[in-house]
């Protein structure tokens, strides 16, 4: 039996970026308070969180202070230091969700793929590589091109290098700079993702989103994905298998490839609310952020039913150099029925930095997701970060 | 052309109760910050507002500090002192919306009714009363019973006394204690309300809600109201006429009587987001709180289209005496698809105090509002504030 009191339960979040901010927004109506820890003073989550502790993501004293303030700890960035969180949790008795060991698994893409493969999750062929000869051997086995990936630290395409031929093997390894792996290149029909959540006694998956990337950065997520029913069902099944491997409660962003043959292969996992799940704020009854709050608190999960077809478009800074953040001409977004603006409160705009997003829900049952995507892109194009 | 920056525009709110809290929740995604002024330390809005200034609603120094922090001032309680706000606004150049003169009009129910009647808004017959003889004369003219009302300070039924016969005239006046008026008793079919908003260049009205009161406290709002199309249209027209009289931008809660003859008469106006509009958070694209933020900032208003039939049920403390706030067994609310819980973060529960609300949206197109209301009441009954 869940009981609410005042002050409500407090979630301590390592990281105070837009994910922490949207978590605080989702938690507020439930009477759940959020305290964030982030090294950047006045981080995006700060204005709406109960408090910000200004400290590094691996600052043990800071994380101890966070644990003392919180009923449960969680994290919104993979940079969170799992050893420190584990130690603080053991000492203070404040639980951490998901389990920090999950972070450890996910940190290292090679370890992640090995564990998932062992659990029967379909993954593209992959192997560890130590030198250029290993990369060339992988090309012999998988055929060119292959993807050379940094085992740790890559995101938004950073640390992922396509290798077109054996001659490029050494350069690719050098640009990855550190422990690396090679994956067979997946000639995919589309990239989809499933936001999945593991509660105390229940699991839930959200409707499948189709992700449109450009320069390896997510531009739009289209829901429902334009996949067949069979592929959609398969993606849900794979997501549930992934949850079996993951330890501890919370939301996971599970990125998948849909191959041209209609096969589903795991791409990557984020052990936290995910950019490709932002559409859930308007598109479902319970957003990924509310689900994360419920899951880490051990509350029952909510409904993930789709309210109406929805497109999320990232608002990436269209600037050539770093400058003060300002988004001009938002009137069209504000005036469009079904459009919702989300601003992350970052002080500085940098080229292609994620500054916010706009969600567009279908005005009529009959509107196709193609039409919806087109309208969302028009809204995206109507605004600019240029002064 | 509206431009967003970081930090975003700041709304300074006199009052930090649940209305200020939900305003802060609605403003956050838009990058709009809220600072509240409230005499109660750690008031309901405090955890999610950027800051709270602890000061009385008429504390000029506090309101000056609020004005210095804000781009625009507004209020969420009628207790806000209009003279102080007007003076501070003139001195500091920080505008106040709605105009404090609106507060003045609304403060005094007699003045309110006179202005509205003069503008052609239909009101029940009313008159000023100074002594028991005046009340008896009103009974002669209107017929018994009549309503004897405090001209100022009444809310949630306080200050409203039904007078059944001439013999009760003196007692009624005494219990009103202060300047009074008498209104003809309206034998209504139902009470409805229209949440209406006046923007810089545009106005909008929300779908009509039907209000269920018990002991003169709002229990549930049912949307759409079970009124005929003609009555619904008339209610919208009256609401728009009311907006013509009101000065300045913002949301108004307009309470109306639907008589047994299908006539619409004005009951009362609140110059702020209103309890009977809480359903808009889930029930429409743009909630009354987001509309208020947009209106006072001079931004374009958003769509008010109904997403699906919706019932809001207040969670009133079912306690016999003041005690610490705790709401037990919220699992059924959390687990019901279409149900959303809102907790106001009040520290103390008192008999019938508004502690939160639950909104229930129809699961299927075919569900009637009667069925929906029944299910909402079941959710309301499943929880308790008793230890």
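The values are calculated or read from the model by the stated rules, or taken from the named source; none is laboratory data. Worth saying up front: this structure is predicted, and the values here are computed from it rather than measured. Please note: Cβ atoms are built from the backbone with ideal geometry, for glycine as well, and neighbour counts cover all protein chains shown.
Checking the conditions here, which among A:345, A:356 is within 22 Å of the chain's Cα centre (by Cα), assigned by TED's automatic domain parsing to the domain that holds residue A:210 and more than 21 Å from residue A:214 (Cβ to Cβ)?
A:345
Could you list, ordered by first residue, the pairs with Cβ atoms under 7 Å in which the first is in region B:356-376 and free of Cβ contacts under 8 Å to residues at least 40 places away in the same chain and the second is assigned to a loop (DSSP other than H, G, I, E, B), at least 6 apart or interchain?
That search, which allows pairs on different chains as well, returns B:363/B:337; B:363/B:338.
If you go through region A:12-44 one residue at a time, how many are in contact (Cβ under 8 Å) with a residue 24 or more places away in the chain, closer than 21 Å to residue B:18 by Cα and either touching a strand residue (DSSP E or B) at 6+ places or on another chain (Cβ under 8 Å) or in the same structural domain as residue A:200 (by TED's automatic domain parsing) (or both)?
10
Scan region B:344-372 for residues that are closer than 18 Å to residue B:310 by Cβ, in contact with a helix residue (DSSP H, G or I) (Cβ under 6 Å, 6 or more places away or on another chain) and modelled with pLDDT of 95 or more and report the count.
4
Consider residue B:300 carefully, then state whether it is without any contact (Cβ under 8 Å) to a residue 60 or more places away in the chain and assigned to a loop (DSSP other than H, G, I, E, B).
no
Given the conditions (1) closer than 18 Å to residue A:186 by Cα; (2) outside any strand (DSSP E or B); (3) in contact (Cβ under 8 Å) with a residue 40 or more places away in the chain, which single one is not true for residue A:136?
Answer for residue A:136: the failing condition is (3).
Counting only residues that are part of a loop (DSSP other than H, G, I, E, B), surrounded by fewer than 18 Cβ atoms within 10 Å (Cβ to Cβ) and touching a helix residue (DSSP H, G or I) at 6+ places or on another chain (Cβ under 8 Å), how many does region B:157-168 have?
The total comes to 1.
For residue A:352, state whether it is crowded, with 19+ Cβ neighbours inside 10 Å and either at negative phi or not in a helix (DSSP H, G or I) (or both).
Considered against the rule, which asks whether it is crowded, with 19+ Cβ neighbours inside 10 Å and either at negative phi or not in a helix (DSSP H, G or I) (or both), residue A:352 comes out as no.
Surrounded by fewer than 23 Cβ atoms within 10 Å (Cβ to Cβ), outside any strand (DSSP E or B) and touching a helix residue (DSSP H, G or I) at 6+ places or on another chain (Cβ under 7 Å) - does that describe any residue in region A:318-328?
Looking through region A:318-328, none of the residues is surrounded by fewer than 23 Cβ atoms within 10 Å (Cβ to Cβ), outside any strand (DSSP E or B) and touching a helix residue (DSSP H, G or I) at 6+ places or on another chain (Cβ under 7 Å).
Out of (1) within 9 Å of chain A (Cβ to nearest Cβ); (2) over 22 Å from residue A:1 (Cβ atoms); (3) free of Cβ contacts under 8 Å to residues at least 60 places away in the same chain; (4) touching a helix residue (DSSP H, G or I) at 6+ places or on another chain (Cβ under 6 Å), the odd one out for residue B:341 is which?
Looking at each condition in turn, residue B:341 falls short on (2).
For residues that are within 11 Å of chain A (Cβ to nearest Cβ) and out of contact with any strand residue (DSSP E or B) (no Cβ under 6 Å at 6 or more places or on another chain), scanning just region B:308-329, find the one that is nearest to residue A:330 (Cα to Cα).
Here the answer is B:329.
As an exercise: evaluate residue B:77 against (1) in a loop (DSSP other than H, G, I, E, B); (2) under 21 Å from the mean Cα position of the chain (by Cα); (3) within 14 Å of chain A (Cβ to nearest Cβ) and give the number of the one condition it does not meet.
(3)
Do you know which residues across region A:234-260 are within 15 Å of residue A:271 (Cβ to Cβ) and outside any helix (DSSP H, G or I)?
Correct list: A:246, A:247, A:248, A:249, A:250, A:251, A:252, A:253, A:254, A:255.
Counting only residues that are in contact (Cβ under 8 Å) with a residue 40 or more places away in the chain, surrounded by fewer than 15 Cβ atoms within 10 Å (Cβ to Cβ) and more than 16 Å from residue B:243 (Cβ to Cβ), how many does region B:171-212 have?
1
Taking strands (runs of 3 or more DSSP E) that fall entirely within region A:1-71, which contain at least 1 residues that are under 18 Å from residue A:250 (Cβ atoms) and more than 11 Å from chain B (Cβ to nearest Cβ)?
A:10-14, A:33-38
Would you list the strands (runs of 3 or more DSSP E) that sit entirely within region A:169-233 and hold 1 or more residues that are modelled with pLDDT of 95 or more and more than 27 Å from residue A:146 (Cα to Cα)?
Values: elements: A:180-184, A:188-198, A:203-205, A:209-214, A:217-223.
Fully inside region A:169-233 and qualifying: A:188-198, A:203-205, A:217-223.
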